[in-house]
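Q: The structure's right below; bear with me while I get my questions together.
The values are calculated or read from the model by the stated rules, or taken from the named source; none is laboratory data. What you see is a predicted model, and the numbers here were worked out from it, not measured in a lab. When we count neighbours, we look across all protein chains shown, and the Cβ atoms used for this are built from the backbone with ideal geometry, even at glycine.
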Amino acid sequence: MSPQLELYVLPWGIYPRRVLLYLSEKGLESSPAIKITPVSNTGTIMEAPGKPPGSVPILRLPDGTFIKQSVAILEYLEDLCDNPDPAQDWQIQLAKSAINKTSMRGETSKEKARTREILALADEASSQFGFACHKGTALFVPIEQTNALTAKLALEYCKKNLKLLEENYFAEDARLGDGSQLTIAHCVLYSMLQFSKELYGIDVLSEPELPALRSFYEMFKKRDFARIGEFQYPEEIKKLACQWLPVE
């Protein structure tokens, strides 16, 4: 079967990594229905044959249209696995090829609502951390206006969302720590936690009141695709990303 979907990614990027983690957890990373195309990153432009303008991830559909937001891509792929169109053979084959047959959004309405809650907080924390990076690191000094105080405030809001996740979800659910009930929300969260620590040198889980999130991070980082060596982050980018501007 020729690929019906093409996923454009920058493998170490925070948003593409969400989708790559999901594909690994779902057991779809080698599905013949999906072609994964890494992009070349030349400055602020990401290029690959057939890729439309814009940041990644981007998913090309069989009709030539695109999905350009990571959460929407995760939802679309999970929809295909949960309810493939019986008139589309490639969708049926995609669903069958998934090793993990359980829904990564939850089986019941209550479980799905809980996943959406965690996803919303994890996505917001990711946006806040990304904003802090843009405003507070040497990496972005040449290309946009920076402000160390703004970055500090954004990081504080990011950590506030992590505390909400700790108190309202992770501390009360031991299954999250052993990986037995991973969802698309956990792929989104882990991508941010790994990205912040490994590329930008910030351990957002350093506060002692986040033990359950720390356990989750330590569990997830041992999983096959979550293992990452420093070499996978471009050294020239990492060197600048770790330089946080001082608050004067």
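Q: Can you tell me which residue in the stretch 97-139 is surrounded by the most Cβ atoms within 10 Å (Cβ to Cβ), limited to those that are closer than 17 Å to L240 by Cβ and among the small types (G, A, S)?
A: G136
Q: Which of the residues spanning the stretch 140-161 are under 26 Å from L121 (Cβ atoms) and hydrophobic (A, V, I, L, M, F, W, C)?
A: F140, A148, L149, A151, L153, A154, L155, C158
Q: Something else about it: Going through the stretch 144-158 one residue at a time, which ones are over 11 Å from H134 (Cα atoms) and either of a type in the set (S, T, Y) or in contact (Cβ under 8 Å) with a residue 24 or more places away in the chain (or both)? Don't jump to the end; show me each part of the working.
A: Applying the first criterion (over 11 Å from H134 (Cα atoms)) to the stretch 144-158 yields 149, 152-153, 155-158.
Residues satisfying the conditions are L149, K152, L155, Y157, C158.
Q: Another question, then. Tell me yes or no: at least one residue of the stretch 35-45 is more than 18 Å from the chain's Cα centre (by Cα), closer than 20 Å to M192 by Cβ and not in a helix (DSSP H, G or I).
A: Checking the stretch 35-45: at least one residue is more than 18 Å from the chain's Cα centre (by Cα), closer than 20 Å to M192 by Cβ and not in a helix (DSSP H, G or I).
Q: Continuing with this model, one more query. Could you say whether any residue in the stretch 142-161 is closer than 23 Å to M104 by Cα, at pLDDT 90 or above and either touching a Pro at 6+ places or on another chain (Cβ under 8 Å) or not assigned by TED's automatic domain parsing to the domain that holds L20 (or both)?
A: Checked the stretch 142-161: at least one residue is closer than 23 Å to M104 by Cα, at pLDDT 90 or above and either touching a Pro at 6+ places or on another chain (Cβ under 8 Å) or not assigned by TED's automatic domain parsing to the domain that holds L20 (or both).
Q: Quick one: which residue in D173, D123 is within 18 Å of E218 (Cβ to Cβ) and either outside any helix (DSSP H, G or I) or in contact (Cβ under 8 Å) with a residue 24 or more places away in the chain (or both)?
A: Exactly one residue qualifies, and that residue is D173.
Q: Please work out which residue is surrounded by the fewest Cβ atoms within 10 Å (Cβ to Cβ), limiting yourself to the stretch 201-213 and to residues that are at pLDDT below 95 and charged (D, E, K, R).
A: E209
Q: Give the residue that is farthest from S40 (Cα to Cα), with candidates limited to residues of the stretch 218-248 that are of a type outside the set (A, V, I, L, M) and modelled with pLDDT of 95 or more.
A: Looking at the filtered set, the residue picked out is P246.
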